[in-house]
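I have placed the structure first, in the form of structure tokens, so that the comments after it can refer back to it.
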Amino acid sequence: MSFTEQKNTLLQQVIQAWTRLQEQQPLVQCITNSVATNYAANILLAAGASPAMIDNPFEAESFANVTSALSINLGTPTTEQMQAMLISAQTVDHKNTPWVLDPVGYGPVLKWRSSMVDQLLAFKPSVIRGNASEISALAGKQVQAKGVDSTISSHTVYRQAQCLLVHSECIAISGEADFILSRELGLVIQVNGGSYLQPKVTATGCALGALIAAYSAVTTPTIAALAAHLHFAIAGKLAYEKIASVGSFNVVFMDYIHTLNSEMLLQYADFQLISL
Amino acid sequence: MSFTEQKNTLLQQVIQAWTRLQEQQPLVQCITNSVATNYAANILLAAGASPAMIDNPFEAESFANVTSALSINLGTPTTEQMQAMLISAQTVDHKNTPWVLDPVGYGPVLKWRSSMVDQLLAFKPSVIRGNASEISALAGKQVQAKGVDSTISSHTVYRQAQCLLVHSECIAISGEADFILSRELGLVIQVNGGSYLQPKVTATGCALGALIAAYSAVTTPTIAALAAHLHFAIAGKLAYEKIASVGSFNVVFMDYIHTLNSEMLLQYADFQLISL
Amino acid sequence: MSFTEQKNTLLQQVIQAWTRLQEQQPLVQCITNSVATNYAANILLAAGASPAMIDNPFEAESFANVTSALSINLGTPTTEQMQAMLISAQTVDHKNTPWVLDPVGYGPVLKWRSSMVDQLLAFKPSVIRGNASEISALAGKQVQAKGVDSTISSHTVYRQAQCLLVHSECIAISGEADFILSRELGLVIQVNGGSYLQPKVTATGCALGALIAAYSAVTTPTIAALAAHLHFAIAGKLAYEKIASVGSFNVVFMDYIHTLNSEMLLQYADFQLISL
């Protein structure tokens, strides 16, 4: 199959995943940070999923047993959330429920969370997503980051990330262009679009991780990552065409997350395939 | 008094409550979830009240002693918040300060919070509010919920909820139509309006609970529940008439929460009375 | 130097600080409350800084060692955040990294946080900012507050606050007019502007404290406080000229926080100097 044929197939699978998301409205357990919790829940609702921010250790097992997908984000962990992450990840791993790991701030400065991420890898996340600094650090490189923001380009990192495919079927790196590494397909997908304003809205990366989890309830890890990245890239591009400052951008971005449909996916999806 | 006369009396009492809310700007202590905390505070400010999100056990008693109302919401509890809930509920019960209980996620999957809700009932909440699944589970029915979202209709639940009037003067059930059961009046009030986009914005139910608490500082539990539900239903209806996607809807909804006045209450209040 | 000359010098320093903020995008560690965390991060991003909400005690020291500024806010503390505050404040004090203390709710009702504020003063905050009730209570006066909102005017408080200059180089009091006391300059700066809608949006004071911290990474404490207050006052004034209800105001306010530039500072800065 040529790259052109494969691209068409992938886009059809993305549209199918979007349609299923609307039909099934899957339940998504999110253990996320204090900055992202409201925003990620609103993104999931706008996109068609059912978020539940269950992040205490006392209900983590019973809830992970019923959820359709799990999203774990290390942004501002508490001791109780850390316990909930371990319990929930172990539970969904046993049940073969898909889950997404977002190792926010991974690196030598933030050791507590980085050590938890190392433990969580044992529960085989369906997708690992992060910015270039986080993914590069996770791939064992010595990286400079600026707090929880990346200081390097996603273009320079995606080849480093190949070694992470031993932990997960799919690695998704966000940046000016996004890169999705797929073990299943043996290739890299570059997703273009979005807007330079997107990193000016906090928690967009965190909400993207939650949306990948939502899609993973209705499709494969690679298609889930691709669908969520396209969903964000198209909404970001269209919002930016209408509006140029960050407060209004965020409102219109949420509008487009909600109104995106298969026609818009067909018209605006901008991605290309790269050999691994 | 006929239902028509009683409706007019209730609407006058709602308008009086709204006026008092603007004049007194009552202090409302909220112990709420991480998704709702910013949103509920903004709803209370926009509506005219003074929110204070004091949710630690070390200040719970002293603050509950000075607050004009208390709102407790079980969305994403931590151990410290659970302790604060017990202390604050006990304190306001002793002082006869009104308080609202929102048993988010009540049911067999989420046992930790459900057991806390059972304990909190001993402190006689002025109003219990929840979605249909939560209220049905609290009434002892075997219910399917989807995470923290309801899977059943408020229409089918309000008769089940009658047994809960032993715990509270008022039970408020939100859904496509809202139902308010009043022990004081011995009847059910059905509130119509709102928009199908309202459940697409996270934490609207939680913020509604906080607004009932705010109104309960200036009126009876039944009028407080009715006023808060009308406030939300009218703002939701008017926002939806202007705007059709979820990001912009949420902005305009907040605008109408702030600009609602007695004329709008008179013009748009849509509710009917049903015998218990 | 006359007050008029001094005003011009201060405004030039503010413009220089704003320019440096855009160039350096300093990393700002925020330990803040659950209401403010998303909002403060968005304000910092919109204004040009890099927020990182690292608030756990296990990473507090290593992160405070690399941050360019620290913002500590006592709105809704947890035990773990309290530990993180002490560790981070001690760390930045050792490194001479600037930091801002926002003693939300300081006073006799909320003893736990007030006692923590008293301890934190030992680590010499670069700026202490709060509303009139908080600053008055911190200055040892017997004050009535309404929850976390002020019940007294900033005009009556700024002279009381002079005694606090033993703890900090700069005291910033927000209210209808804002007052900034500078030990370095030996005077008081009154900042006018803003909108009556600003206190109707929750966490604006908390976000202002975070923005002072961001500016303090690139200038002196006094100029940092003045720059952040002018940034807010101008954005608030311009937003209110466009829009009159609270949901839309908040969106446009964020737009102006992002689009403010040196021309707007020159045109709209409204402040005056008062002898201490």
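The values are calculated or read from the model by the stated rules, or taken from the named source; none is laboratory data. None of the values given here were measured: they were computed from a predicted structure. Here the Cβ is made from the backbone with ideal geometry for all residues, glycine too, and neighbour counts use every protein chain on show.
A few remarks follow.
- Hits in the stretch C:69-87 - residues which are part of a helix (DSSP H, G or I) and surrounded by fewer than 24 Cβ atoms within 10 Å (Cβ to Cβ): C:Thr79, C:Glu80, C:Met82, C:Gln83, C:Leu86, C:Ile87
This table checks each residue for (1) at pLDDT 95 or above; (2) part of a strand (DSSP E or B); (3) under 28 Å from C:Val218 (Cα atoms).
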site: C:Tyr106; (1), (2), (3): yes, no, no
site: C:Arg113; (1), (2), (3): yes, no, no
site: C:Pro125; (1), (2), (3): yes, no, yes
site: C:Ile152; (1), (2), (3): no, no, no
site: C:Thr156; (1), (2), (3): no, no, no
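- The stretch A:147-177, residues that are within 14 Å of chain C (Cβ to nearest Cβ) and not aliphatic (A, V, I, L, M): A:Gly147, A:Asp149, A:Ser150, A:Thr151
- None of A:Ser262, A:Ser216 is small (Gly, Ala, Ser), touching a strand residue (DSSP E or B) at 6+ places or on another chain (Cβ under 6 Å) and touching a residue at least 24 places away in the same chain (Cβ under 8 Å) except A:Ser216.
- Pairing residues of the stretch C:37-48 that are part of a helix (DSSP H, G or I) with residues that are aromatic (Phe, Trp, Tyr) and modelled with pLDDT of 95 or more, at Cβ distances under 8 Å and at least 6 apart in sequence or on separate chains, gives C:Asn38/A:Tyr39.
- Verdict on B:Val143 being over 27 Å from B:Gln29 (Cα atoms), in contact with a Ser or Thr (Cβ under 6 Å, 6 or more places away or on another chain) and within 14 Å of another protein chain (Cβ to nearest Cβ): yes
- Within the stretch C:242-276, considering residues that are among the β-branched types (Val, Ile, Thr) and over 17 Å from C:Gln198 (Cβ atoms), the one surrounded by the fewest Cβ atoms within 10 Å (Cβ to Cβ): C:Ile274
- Scanning the stretch B:127-148 for residues that are under 29 Å from B:Ala217 (Cβ atoms) and assigned to a strand (DSSP E or B) gives B:Val127, B:Ile128, B:Arg129, B:Gly130, B:Asn131.
- Residue ID - surrounded by the most Cβ atoms within 10 Å (Cβ to Cβ), chosen from residues in the stretch A:146-192 that are β-branched (Val, Ile, Thr) and free of Cβ contacts under 8 Å to residues at least 24 places away in the same chain: A:Ile152
- Filter result for the condition that a residue is touching a Leu at 6+ places or on another chain (Cβ under 7 Å), within 13 Å of another protein chain (Cβ to nearest Cβ) and at pLDDT 95 or above, over A:Ala84, A:Ala60, A:Ala47: A:Ala47
- Figure legend. Inter-residue proximity from the stretch C:1-14: first residues within 15 Å of C:Leu187 (Cβ to Cβ), second residues aromatic (Phe, Trp, Tyr), beta-carbon distance below 8 Å, spacing 6+ or different chains. Indicated pairs: C:Lys7/C:Phe271; C:Leu10/C:Phe271.
- Of all residues in the stretch C:21-54, those being out of contact with any helix residue (DSSP H, G or I) (no Cβ under 7 Å at 6 or more places or on another chain) and farther than 15 Å from A:Gly147 by Cβ number 2.
- Checking every residue in the stretch C:193-206 against the condition of being touching a residue at least 40 places away in the same chain (Cβ under 8 Å), farther than 15 Å from C:Asn131 by Cα and within 14 Å of chain B (Cβ to nearest Cβ) gives at least one match.
Residue-wise test of (1) hydrophobic (A, V, I, L, M, F, W, C); (2) within 9 Å of another protein chain (Cβ to nearest Cβ); (3) surrounded by fewer than 24 Cβ atoms within 10 Å (Cβ to Cβ).
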position: C:Gln25; (1), (2), (3): no, yes, yes
position: C:Asn33; (1), (2), (3): no, yes, no
position: C:His94; (1), (2), (3): no, no, yes
position: C:Tyr106; (1), (2), (3): no, no, no
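- B:Ala228 meets the stated requirement of being away from chain A (no Cβ under 14 Å), within 12 Å of the chain's Cα centre (by Cα) and not β-branched (Val, Ile, Thr).
- Any chance A:Val117 is within 14 Å of another protein chain (Cβ to nearest Cβ), more than 17 Å from C:Leu27 (Cα to Cα) and either touching a residue at least 12 places away in the same chain (Cβ under 8 Å) or part of a loop (DSSP other than H, G, I, E, B) (or both): yes
- Residues in the stretch B:87-106 that are in contact with a strand residue (DSSP E or B) (Cβ under 7 Å, 6 or more places away or on another chain) and either more than 21 Å from B:Leu208 (Cα to Cα) or aliphatic (A, V, I, L, M) (or both): B:Ala89, B:Val92, B:Val100, B:Leu101, B:Val104.
- Whether a residue is touching a Lys or Arg at 6+ places or on another chain (Cβ under 7 Å), modelled with pLDDT of 95 or more and within 14 Å of chain C (Cβ to nearest Cβ) was assessed, and A:Val252 passes this test.
- B:Ser133 being closer than 19 Å to B:Cys206 by Cβ, away from chain A (no Cβ under 14 Å) and polar (S, T, N, Q): no
- For the stretch B:165-222, the set of residues classified as aromatic (Phe, Trp, Tyr) and at pLDDT below 95 consists of B:Tyr196 only.
- Here C:Gln16 does not fit the description of being assigned to a helix (DSSP H, G or I) and within 14 Å of chain A (Cβ to nearest Cβ).
- Where B:Ala239 falls short, out of the listed (1) surrounded by fewer than 24 Cβ atoms within 10 Å (Cβ to Cβ); (2) more than 28 Å from B:Trp99 (Cβ to Cβ); (3) touching a helix residue (DSSP H, G or I) at 6+ places or on another chain (Cβ under 7 Å): (1)
- Criterion violated by A:His229 - all others in (1) at pLDDT 95 or above; (2) surrounded by fewer than 23 Cβ atoms within 10 Å (Cβ to Cβ) satisfied: (2)
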